[in-house]
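Notes follow the structure.
The values are calculated or read from the model by the stated rules, or taken from the named source; none is laboratory data. Predicted model only: the values in this text are computed from it and were never measured. No Cβ is skipped: glycine too gets one built from the backbone with ideal geometry, and neighbour counts run over all protein chains shown. These area figures cover heavy atoms from the full protein model, side chains too; ligands, DNA and RNA do not enter into them. Shrake-Rupley method; radii C 1.70, N 1.55, O 1.52, S 1.80 Å.
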Amino acid sequence: MSEATLAVDDYHLIAPITLPGDGRAPGDVKVLSDSDEYDAYFRIEHQSDISPDTWMKTVLSVAEQVSDDLPATSLEESEQAQILDGLAIILQHTLRQLAT
């Protein structure tokens with residue numbers, strides 16, 4: 001069975017896309033922003049030695065904030081459900097990691 005026909009549970013997410021290793025379009029493209037700007041805009045901090053406790057608190061905080069904000073968005077109910085499904089996946093993954 002080829003990779004293209006291999007059945008994979010995609011959790012009803014959008015189809016994956018393929019990007020170059022550096023995440024940028026190939027060729028001579030003027031760089032408008034970089035990962036530092038992205039991280040600053042979304043207030044993402046990177047920590048290589050994050051503790052399980054800190055990770056769990058972060059996941060819970062983000063899940064709570066996102067789920068609280070959903071009703072005030074212009075997203076369709078089906079789109080909101082997809083976001084909630086994604087939150088459930090990361091919460092399950094986090095619990096699984098902490099349980100081992």
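Shown in residue order for region 65-82 are the 3J(HN,Hα) couplings computed by the Karplus curve 6.51 cos²θ - 1.76 cosθ + 1.60 at θ = phi - 60°: 5, 5, 5, 5, 7, 3, x, 8, 8, 9, 6, 5, 4, 5, 5, 4, 4, 5 Hz (x for Gly and Pro). Computed extension gain for E45 through Q65, at 0.36 nm per residue and net of the alpha carbon distance, reaches 5.5 nm. Counting only protein heavy atoms and a probe of 1.4 Å, the accessible surface of region 48-97 is 55% carbon and sulfur.
Across region 33-40, coupling constants 3J(HN,Hα) worked out from phi with the 6.51/-1.76/1.60 Karplus curve, θ = phi - 60°, read 7, 10, 5, 5, 5, 4, 4, 5 Hz, and Gly and Pro carry x. With all protein chains kept in place, the per residue accessible area of region 24-100 amounts to 86 square angstrom at a probe of 1.4 angstrom. So what is the diffusion coefficient of region 48-97 in µm² per second by Stokes-Einstein at 37 °C and 0.692 mPa s, using a Kirkwood Rh over Cα pairs? D, rounded to a whole number, is 279 µm²/s. The calculated FRET efficiency for Q80 paired with D53, based on their beta-carbon distance and R0 = 41 Å, is about 0.90.
Report note on the peptides 90-96, 80-86: ranked by the mean count of other C-beta atoms within 10 Å, highest first, their order is 80-86, 90-96.
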